[in-house]
Amino acid sequence: MTDGGQVRIDKWLWAARFFKTRSMATKAVSGGHVHVNGQRIKPSRIVQVGDELHIRRGLTEFTIVVQGVSERRGPAHVARSLYEETQESIKRREMNALQRRLEKIKAPGPDRRPDKRDRRKIRKFTRKDG
């Protein structure tokens, strides 16, 4: 953890293990899924200690405060020390996870897998050209 250096936001997100690759982090920032202090940013933005980040990854949303900067990806416990998640964010994530679990229970999947005939019907129905 280096507290005085300058690190790009995409590199920091990768080092803090929010995204598996740096290119995925760059796409997320460019796509508007990451905001710093309430503003949309570019991947080249320098992250600083004390910045508040709002990160949306799939259905999960994080609101964190940067505690340290690093451009090297290390073990998970080191990456976890780079930020602190807000209490509201933790509560919101837990509520969303609970809601998704309850919705999954209400809408069970099919009783069986599609057989050969059903798969042909599905392919014919979803085919774009006709």
Quick one: would you say residue 100 is touching a residue at least 40 places away in the same chain (Cβ under 8 Å), surrounded by fewer than 13 Cβ atoms within 10 Å (Cβ to Cβ) and either closer than 16 Å to residue 19 by Cβ or under 19 Å from the mean Cα position of the chain (by Cα) (or both)? yes
Going by the conditions given, is residue 71 in contact (Cβ under 8 Å) with a residue 60 or more places away in the chain, surrounded by 10 or more Cβ atoms within 10 Å (Cβ to Cβ), touching a Phe, Trp or Tyr at 6+ places or on another chain (Cβ under 8 Å) and not hydroxyl-bearing (Ser, Thr, Tyr)? yes
Is there a residue in region 43-54 that is outside any helix (DSSP H, G or I), within 21 Å of residue 23 (Cα to Cα) and among the acidic types (Asp, Glu)? no
Among the residues in region 48-61, are any at pLDDT 95 or above, exposed (fewer than 13 other Cβ atoms within 10 Å of the Cβ) and touching a Ser or Thr at 6+ places or on another chain (Cβ under 9 Å)? no
Would you point out the residue of region 46-79, among those that are under 18 Å from the mean Cα position of the chain (by Cα) and charged (D, E, K, R), that is nearest to residue 93 (Cα to Cα)? 61
Looking only at region 47-62, count how many residues are within 21 Å of residue 26 (Cβ to Cβ) and either in contact with a strand residue (DSSP E or B) (Cβ under 8 Å, 6 or more places away or on another chain) or polar (S, T, N, Q) (or both). 11
Name the single residue, out of those in region 1-22 being surrounded by fewer than 16 Cβ atoms within 10 Å (Cβ to Cβ) and more than 13 Å from the chain's Cα centre (by Cα), that is modelled with the lowest pLDDT. 3
Determine whether residue 93 is of a type outside the set (Val, Ile, Thr), more than 18 Å from residue 10 (Cα to Cα), surrounded by 10 or more Cβ atoms within 10 Å (Cβ to Cβ) and at pLDDT below 95. no
Positions within region 23-39 being outside any loop (DSSP other than H, G, I, E, B) and either touching a helix residue (DSSP H, G or I) at 6+ places or on another chain (Cβ under 8 Å) or surrounded by 14 or more Cβ atoms within 10 Å (Cβ to Cβ) (or both), in sequence order: 24, 25, 26, 27, 28, 29, 30, 34, 35, 36
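The values are calculated or read from the model by the stated rules, or taken from the named source; none is laboratory data. Not measured: the values here are computed from a predicted model. Here the Cβ is made from the backbone with ideal geometry for all residues, glycine too, and neighbour counts use every protein chain on show.
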